[in-house]
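Enquirer: Dumping the structure here so I can ask a few things about it.
The values are calculated or read from the model by the stated rules, or taken from the named source; none is laboratory data. Just so you know, these numbers come straight off a predicted model, no measurement behind them. Cβ sites come from the backbone with ideal geometry, for glycine too, and all protein chains shown count toward neighbours.
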Amino acid sequence: MRAVVQRVRRASVDVGEQRLVSMGEGVLAFVGVGHRDGPRDASELAKKIVGLRIFEDESGRMNRSLLEVGGSLGLVSQFTLWADARKGRRPSFGDAAEPAVAEPIFESVVEAARQFGVPVVTGRFGATMDVSLVNAGPVTILLDTERVF
């Protein structure tokens, strides 16, 4: 699984003209499910996201996690994280899991994160969404359960 994890002041997700969710300070993570991913990847990714020490402590060092600061977690599915743009100008998405496979794995990430007691909001799987966010820092971290980066 891949994720782009961003520390945010606030974020929201709209589908069409409807505000689906909004959140205050915390983490917004775009999550892409690859065709080799499974439940173990979902748990590992959720644990990593909620435990990342990307919030400042009293001395200004990034030393506190989402769990420690009591922030919210926004999870948005994004198959385009599996884009391969090495050839030509049109990206290929062959390494992304099919929606029927990806959706339950994405939902496993959501449930695993909730097990930590973190308030979790999500976009709508498979929908075209307008995601608005205000980066804090900015702090943006790339994660991959296969440890590609």
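Enquirer: If you go through the range 54-66 one residue at a time, how many are closer than 12 Å to Gln6 by Cα and either without any contact (Cβ under 8 Å) to a residue 60 or more places away in the chain or assigned to a helix (DSSP H, G or I) (or both)?
Expert: Summing the residues that are closer than 12 Å to Gln6 by Cα and either without any contact (Cβ under 8 Å) to a residue 60 or more places away in the chain or assigned to a helix (DSSP H, G or I) (or both) in the range 54-66 gives 2.
Enquirer: Next question. Please enumerate the residues belonging to the range 32-47 that are among the basic types (Lys, Arg), more than 18 Å from Arg7 (Cα to Cα) and part of a helix (DSSP H, G or I).
Expert: Selection gives Arg40 alone.
The rows are residues; the columns are (1) surrounded by fewer than 14 Cβ atoms within 10 Å (Cβ to Cβ); (2) outside any loop (DSSP other than H, G, I, E, B).
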| site | (1), (2) |
| --- | --- |
| Val8 | no, yes |
| Ala11 | no, yes |
| Asp14 | no, yes |
| Val21 | no, yes |
| Phe30 | no, yes |
| Ile49 | no, yes |
| Glu68 | yes, yes |
| Arg89 | yes, no |
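Enquirer: Name, by its number, the condition in (1) assigned to a helix (DSSP H, G or I); (2) modelled with pLDDT under 95 that does not hold for Phe149.
Expert: (1)
Enquirer: Which count do you get for residues in the range 102-121 that are more than 21 Å from Gly71 (Cβ to Cβ) and either touching a Cys at 6+ places or on another chain (Cβ under 7 Å) or not aliphatic (A, V, I, L, M) (or both)?
Expert: Here the count works out to 4.
Enquirer: If you check every pair at least six apart or on different chains, which have Cβ atoms under 6 Å apart with a residue in the range 7-18 that is farther than 20 Å from Glu68 by Cβ and among the acidic types (Asp, Glu) first and a residue that is modelled with pLDDT of 95 or more and assigned to a strand (DSSP E or B) second?
Expert: Final answer for the pair search is Asp14/Asp130.
Enquirer: While we're here: Counting only residues that are surrounded by 15 or more Cβ atoms within 10 Å (Cβ to Cβ) and more than 14 Å from Leu28 (Cα to Cα), which one in the range 137-149 is nearest to the chain's Cα centre (by Cα)? Outline the logic, then answer.
Expert: First, the residues of the range 137-149 that are surrounded by 15 or more Cβ atoms within 10 Å (Cβ to Cβ): 139, 141, 143-145.
Adding the requirement that they be more than 14 Å from Leu28 (Cα to Cα) leaves 144-145.
Details: Asp144: 11, Thr145: 13 Å.
Within the range 137-149, the match that is nearest to the chain's Cα centre (by Cα) is Asp144.
Enquirer: Taking the residues in the range 72-87 that are surrounded by 13 or more Cβ atoms within 10 Å (Cβ to Cβ) and either more than 14 Å from the chain's Cα centre (by Cα) or aliphatic (A, V, I, L, M) (or both) as candidates, determine which candidate is farthest from Leu133 (Cα to Cα).
Expert: Ala83
Enquirer: Looking at Val109, Val15, Val69, Val33, can you tell me which residue is of a type in the set (Val, Ile, Thr) and under 18 Å from Val131 (Cα atoms)?
Expert: Selected residue: Val15, the only one of Val109, Val15, Val69, Val33 that is of a type in the set (Val, Ile, Thr) and under 18 Å from Val131 (Cα atoms).
One line per residue, one yes/no per condition, for (1) surrounded by fewer than 13 Cβ atoms within 10 Å (Cβ to Cβ); (2) in contact (Cβ under 8 Å) with a residue 12 or more places away in the chain; (3) assigned to a strand (DSSP E or B):
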site: Val101; (1), (2), (3): no, yes, no
site: Val109; (1), (2), (3): no, yes, no
site: Gly117; (1), (2), (3): yes, yes, no
site: Val121; (1), (2), (3): no, yes, yes
site: Phe125; (1), (2), (3): no, yes, no
site: Asn135; (1), (2), (3): no, yes, yes
